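Trainee: Here it is, the structure, as structure tokens.
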Amino acid sequence: MQMNEIILEAKNIKKHFPIKKGLLLREVASVKAVDDVSLFVRKGETLGLVGESGCGKSTLGRTLIRLYEPTAGNINFDGQDFLKLKGEALRKKRKNMQMIFQDPYASLDPRMTVGQIIRQPMDIHNVGTQEERTQRVLELIEVVGLRKGHVNRYPHEFSGGQRQRISIARAIALNPELIICDEPVSALDVSIQAQILNLLKDLQEKLKLTYVFISHDLSVIEHTCDRIAVMYLGKIVEIAPRDELFKNPQHPYTQALIGAIPRVGHGKKKMKKSLGGEVPSPINPPSGCSFHTRCPYKMDICSQKTPVLEGQANHQKACWLEAAPKMSV
Ligand code: SF4
């Protein structure tokens, strides 16, 4: 598939959540969940967002499709200024972007049948006749590997993997171009994860879908994504094509994440031990490079000046080190 055309471009995106206190609910601080992120996604590719829990990757995914309104920045989707869209124009554009959530137990309404769940987006957007919607539901059920006989059953009658298939059917019901997959397999047994990842891959090829794939698990990202953005405390610290990132990780944080992937014949390294400590609070992130409190290569400049994401066109890092440190794993 031709993957040069850019479908989504975000520039300087911030998403800060205010913390309010007192009787007058004055804003006393804010959680800087996403802090000045710029990225683009090409048509037909899978861009991975990876990082530890709390790094802002899910917030960024939701902000890209305006489930959260950004605090600042610009988003261009399919050649249009997405943040300027309102009312009917926004509703129409939203048909083109869907989301698959982490928890297939919580994301499906237990009072609705499978058929009603999959049909709901078509009802909301008034797509086709009643008969056409019924037909489309049956078609989608089979596309995601379930049986037509499942249409009148309820979510609690299904396993986690089957529920995620229902979520996927709902997400593709309106023929979207872009799907944000937010940890779509992390709530599933390892044996089921591969089936769901294969289904997503097949659907991507058949339906020419573009994915933003969010995961804390770099081994899942490695198997799924074309390009990978590594996030730390609300910022992208490194971005590169998958093979390049794994062969030649430049940022000490990326190196630590890769070093923590369990490999056959090697024990899993404890990331917290090798990095020395927890992720700092996004309410009051460290000055300069926010990774400096855990970085084994910290220099004086690191706590004073924030490094920007720069480098080659296809491989960029935000780090004051001129060359990548040698990986010790
Ligand atoms: Fe480590 Fe400094 Fe690079 Fe940050 S800028 S990752 S603290 S070397």
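Trainee: Placing +1 on the Cβ of each Lys and Arg and -1 on the Cβ of each Asp and Glu in the chain, which of 318, 164, 106 has its Cα farthest towards the positive end of the resulting dipole?
Mentor: 106
Trainee: Turning to a different aspect of this structure: What residues of the range 156-173 lie in the reach of a label at residue 111, counting those whose backbone N is under 18 Å from a point 7 Å from the Cα along Cα→Cβ?
Mentor: The answer is 156-157.
Trainee: Also: Write down the Å³ per residue value for the convex hull defined by the alpha carbon atoms of the chain.
Mentor: 163
Trainee: Here's another thing I want to ask about it. May I ask for the angle, rounded to the nearest 10°, between helix 190-207 and the longest principal axis of the chain, with both axes built from Cα atoms and the value confined to 0 to 90°?
Mentor: Helix 190-207 sits roughly 70 degrees off the main axis of the chain.
Trainee: Once you order the gyration tensor axes a ≥ b ≥ c over the Cα atoms, which shape class does the range 1-45 get: rounded for a/c under 1.5, otherwise prolate or oblate by comparing a/b with b/c?
Mentor: Prolate, since a/c reaches 1.5 and a/b exceeds b/c.
Trainee: Nothing charged except the Cβ atoms of Lys and Arg (+1) and of Asp and Glu (-1): what's the magnitude of the dipole of the range 75-226 about its Cα centre? Round to the nearest 20 debye.
Mentor: It comes to approximately 600 debye.
Trainee: Still on this structure: Tally Lys/Arg at +1 and Asp/Glu at -1 over every other residue whose Cβ is under 12 Å from the Cβ of residue 156; what's the total?
Mentor: Once all neighbours under 12 Å are counted, the net charge is +1.
Trainee: In terms of the Cα gyration tensor, with a ≥ b ≥ c the square roots of its eigenvalues, is the range 67-219 rounded because a/c is under 1.5, prolate because a/b exceeds b/c, or oblate?
Mentor: oblate
Trainee: Separate question: Give me the dipole magnitude in Debye, nearest 20, for the range 38-148 about the Cα centre, with unit charges on the beta carbon: positive for Lys and Arg, negative for Asp and Glu.
Mentor: 200
Trainee: Could you work out which residue, out of 257, 174, 67, moves most in a Gaussian network model of the chain, that is, has the largest mean-square fluctuation with Cα springs under 10 Å?
Mentor: Taking springs between Cα atoms under 10 Å, the residue moving most is 67.
Trainee: Take 35, 123 and sort them by solvent-accessible surface of the protein heavy atoms, 1.4 Å probe, largest at the top. Spell out each step's value before the answer.
Mentor: On the way: 35 30, 123 65 Å².
From most accessible down to least: 123, 35.
Trainee: For the chain, what does -39500 (n - 2.57) per DSSP helix run (n ≥ 4), summed and divided by total residues, give at 222 nm, in deg cm²/dmol to the nearest 500?
Mentor: Here the helix-only value at 222 nm equals -8500 deg cm²/dmol.
Trainee: Could you compute how much accessible surface residue 143 exposes when probed at 1.4 Å, giving the result in Å² to the nearest 10?
Mentor: Accessible area of residue 143: about 60 Å².
Trainee: List the relative contact order of the chain as a percent without decimals, with contacts defined as Cα pairs under 8 Å and 6+ residues apart.
Mentor: On the way: 595 pairs, mean separation 63.8, N = 329.
Computed value for the chain: 19 percent relative contact order.
Trainee: A follow-up question, please. Quick one: net charge around residue 56, please, counting Lys, Arg +1 and Asp, Glu -1 for every other residue with C-beta under 13 Å from its C-beta.
Mentor: Residues near residue 56 contribute +2 overall.
Trainee: If ligands, DNA and RNA are left out, what is the accessible area of residue 297 with a 1.4 Å probe, given in Å² to the nearest 10?
Mentor: Roughly 80 Å² of residue 297 is accessible to a 1.4 Å probe.
Trainee: Using the Karplus curve 6.51 cos²θ - 1.76 cosθ + 1.60 with θ = phi - 60°, what ³J(HN,Hα) values do you get for each residue of the range 300-315, in whole Hz, with x for Gly and Pro?
Mentor: In residue order, the calculated couplings are 4, 4, 4, 8, 9, 10, 7, x, 9, 6, 8, x, 5, 4, 9, 8 Hz.
Trainee: Another question, if that's okay. Which listed residue (250, 58, 228) has the Cα farthest towards the positive end of the charge dipole for the chain, taking +1 on Lys and Arg C-beta and -1 on Asp and Glu C-beta about the Cα centre?
Mentor: Farthest along the dipole direction, towards plus: 58.
Trainee: If you don't mind, another one. Set the bar at 25 Å for Cα to Cα. Now go through 57/317; 247/298; 57/93; 32/84; 14/93; 15/326 and name every pair that lies beyond it.
Mentor: Listed pairs above 25 Å: 15/326.
Trainee: Give me the number: length gained by fully extending residue 308 to residue 191, i.e. 0.36 nm times residue separation minus the C-alpha to C-alpha distance, one decimal in nm.
Mentor: That pair, residue 308 and residue 191, stretches by 38.1 nm at full extension.
Trainee: Have a look at the DSSP beta bridges in the chain and tell me what percent are antiparallel, nearest 5.
Mentor: Counting only bridges with both partners in the chain, antiparallel ones make up about 65 percent.
Trainee: Local charge sum around residue 127 (other residues, Cβ-Cβ under 10 Å, Lys/Arg +1, Asp/Glu -1)?
Mentor: That sum, taken over residues with Cβ under 10 Å, equals +2.
Trainee: Still on this model: Please list, ordered by chain and number, the residues whose modelled amide H lies under 5 Å from the amide H of residue 237; skip anything fewer than 5 residues away on the same chain.
Mentor: HN-HN under 5 Å from residue 237: 230, 231, 232.
The values are calculated or read from the model by the stated rules, or taken from the named source; none is laboratory data. Since the model is a prediction, treat every value here as computed from it, not as a measurement. Note: ideal-geometry Cβ built from the backbone for every residue, glycine included; neighbour counts use all protein chains shown. Quick note on the areas: whole protein, heavy atoms, side chains included, nothing else; ligands and nucleic acids left out. Shrake-Rupley method; radii C 1.70, N 1.55, O 1.52, S 1.80 Å.
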